[in-house]
Each structure stands twice: as C-alpha cells, then as structure tokens.
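Novice: Got a structure here, written out as structure tokens. Questions coming.
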Amino acid sequence: QANLVESVGGSVQPGGSLILSCVASGNIFSIYSMGWFRQAPGKQRELVSSLTSNGVTNYADFGKGRFTISRGLGPHTVYLQMDNLKAEETAVYYCNEEGVVHPTTLMTRPYWGQGTQVNVAS
C-alpha cells in the first residue's frame, strides 16, 4: 500500500508559475515511477509528466518547455514546476506513483493522491 499527499495547489494568473509537490509513503517494494496527471472540467484525466526511478522523464506535448518534473533527495518525493500557465490548464492535478507490488514479477499498480486544485485565471 502507498499513500500520496500533494501540496495545496492554488490560484495564479495566466502566465504565472506554480510548483506542486507530492510525498509518498507506504510499504511497496520499490517505485517504478512518479508523476502528475490532471483532469479539467468535462475532460478525461491526462498525463502531465512522469519520472522513472532511473531518471527517465516524460512530458505531455503541452508541457514541454514549460513544465519540469524533478525528484527530491529522498526517493518518495516528486515536484512539478509549471511555468507560463494558461487558463485552459485549470484542473485538478493528481500525483501518481507506479509502485512495485510483487518482487519477483515486478508487477506494478498505480497509486493516486487525492488531487489538488489549480486555478489559472485573471
């Protein structure tokens, strides 16, 4: 099992910046990746960015050049720096962890934070 807790999101003006953090805890065997998803009103949840335990990053096209994902010194903390935010990016942002739940097969399952609201408006 794992528990993921995101920082409070907040409200920013278009063009502004915001950083989110997520701290995971639990007794999974290891972490395959951590990342961020978001869900805007009326839309499906979508990947924002992810980072594997060996340092491979992935960004959605909309976030390339504007968003930066990083890990803390500990293995269970991840950050998302978002720059030049757009109004359309108002959404609930969810921290995600792919945790290894079986040491032999390396099977993973996703764990989710409760979500944090990010509002981008004038």
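The values are calculated or read from the model by the stated rules, or taken from the named source; none is laboratory data. Given the structure is predicted, the values throughout are model-derived calculations rather than measurements. Virtual Cβ from ideal backbone geometry, glycine too; neighbours counted across all protein chains shown. Ligands, DNA and RNA are stripped out before the accessible areas are found, and what is left, the full protein with its side chains, is counted by its heavy atoms. Shrake-Rupley method; radii C 1.70, N 1.55, O 1.52, S 1.80 Å.
Novice: Can you give the FRET efficiency to the nearest 0.05 for residue 58 and residue 3, using r as the Cβ-Cβ distance and R₀ = 22 Å?
Specialist: Here the calculated transfer efficiency is 0.40.
Novice: With every protein chain left in place, what is the accessible area per residue of the chain in square angstrom, probe 1.4 Å?
Specialist: Result: 54 Å² per residue.
Novice: Ok, one more. Suppose every Lys and Arg Cβ carries +1 and every Asp and Glu Cβ carries -1, with no other charges. What dipole size does the range 1-119 come out with about its Cα centre, to the nearest 20 debye? List each step's numbers first, then the result.
Specialist: Details: 8 positive and 8 negative charges, 10 e Å.
Computed charge dipole of the range 1-119: roughly 40 debye.
Novice: Leaving ligands, DNA and RNA out of it, report the carbon-plus-sulfur percent of the accessible area of the range 1-80 at a 1.4 Å probe.
Specialist: Heavy-atom surface of the range 1-80 belonging to carbon and sulfur, 1.4 Å probe: 52 percent.
Novice: Now a separate question. Provide the gained length on full extension for the span residue 44 to residue 112, in nm with one decimal, where the gain is 0.36 nm per separating residue minus the Cα-Cα distance.
Specialist: Working: separation 68, 0.36 × 68 = 24.48 nm, distance 1.54 nm.
Gain on extension, residue 44 to residue 112, equals 22.9 nm.
Novice: Let me ask something else about it. Identify which of 58, 96, 27 has the largest mean-square fluctuation in a Gaussian network model of the chain, with springs joining Cα atoms closer than 10 Å.
Specialist: Checking each option, the largest mean-square fluctuation is seen for 27.
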